[in-house]
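Visitor: My questions all concern the structure below.
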Amino acid sequence: MKTNILNTIAAAAVFSFTLFGCTTASESTLDESVTAVTPVSEGEMIDEQAEFMTRFEAETRSAGLAPAEAGTYENMFSDVANTADYTFLELAKKSSELSTFVELLDEADMITALEEYTGRSFTIFAPTNAAFDAMPAGMLEELRKPEHRNQLIRLLQAHMLVEPVAAAQFTDNQQIQFGHTLYIPVKVSDDGSRQVNVGGATIVKPDVNASNGVIHVVDAVVQPVNPYKEAK
C-alpha cells in the first residue's frame, strides 16, 4: 500500500490498492499491483465497474440507511479468547453477524485466494448482515447472479486494504483511492466519540486483531464515490 498526501485536502492520506483483478466467471486472480489514481476529467469514459459502483452509491444513499444502535455489536467475538490466533476469515466465519459477508466472499471465489495470500496483512471493513439487508431492494440479488460476479468482486474489494490500519489511525477527510475513477471518503467525528465513518459505513466494532490484519465491523456497505460526479 502506498500513502500520498493530497494537496487539496490537508493531511489526507491516500491508500491506493488493487487486490483482485477483474475476472471471468471461471477464474480468480490476485493482482499485487499498487496504482496511483487521479480524479476523472470531464468527458472521460467511466468503465462498467465504475458505473455500477456509482449507481450503487446513489441508490444506497437514497435508501436512507439507518445507523446501528450504539452497543449493538460491542460483544462480538467476546467468546474468542485471543482473536489474534485466527485469520480474519476464520474470525468472520465464527460470527453469525457476518455470515452474509462470508457467503459473498465465497460466491465471488475470493476465500481460497485470500487464504493462500500469505505474507500480507489486511484491514477488513466487515459489514454486518443488517448492513446487507439494508441495501436497495434487489441489488444484493443482482450482485449474486453469476453474470455479475465481477461487480460483486469490485464491491467486496472496497472493504479491503492491503495493510493493517487501526481505527485510531484514520483521520477526518482522508480518501481511500479505489480503482481508476472512484475514492472512498473517511470521516471522523469531532464530538469526542471519535466515530469513524468509511464510505458511509460507521465502524461499530473496531480493532478486532487477527493473525493477518485487523477487522473493523461496519454498520453499512462501504460506498465508493465518483469525484467527478461529486464536483458537478
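The values are calculated or read from the model by the stated rules, or taken from the named source; none is laboratory data. None of the values given here were measured: they were computed from a predicted structure. Virtual Cβ from ideal backbone geometry, glycine too; neighbours counted across all protein chains shown.
Visitor: Within the set of pairs 6 or more residues apart or between chains, which connect a residue that is farther than 18 Å from Val222 by Cβ inside the stretch 122-147 to a residue that is part of a loop (DSSP other than H, G, I, E, B) with Cβ atoms less than 8 Å apart?
Guide: Pro146/Ala25; Glu147/Ala25
Visitor: If you don't mind, another one. Among the helices (runs of 4 or more DSSP H) contained in the stretch 76-146, which hold 3 or more residues that are more than 20 Å from Val198 (Cβ to Cβ)?
Guide: Here the list reads 88-94, 99-107, 111-116.
Visitor: Which residue out of Leu152, Leu182, Leu143 is more than 19 Å from Leu105 (Cβ to Cβ) and surrounded by 22 or more Cβ atoms within 10 Å (Cβ to Cβ)?
Guide: Values: Leu152 fails: more than 19 Å from Leu105 (Cβ to Cβ); Leu143 fails: more than 19 Å from Leu105 (Cβ to Cβ).
None of the others qualify; the one that does is Leu182.
Visitor: What single numbered condition from (1) part of a loop (DSSP other than H, G, I, E, B); (2) of a type in the set (Gly, Ala, Ser); (3) surrounded by 15 or more Cβ atoms within 10 Å (Cβ to Cβ); (4) at pLDDT 90 or above fails to hold for Ala68?
Guide: Evaluating Ala68 over (1) part of a loop (DSSP other than H, G, I, E, B); (2) of a type in the set (Gly, Ala, Ser); (3) surrounded by 15 or more Cβ atoms within 10 Å (Cβ to Cβ); (4) at pLDDT 90 or above leaves (4) as the failure.
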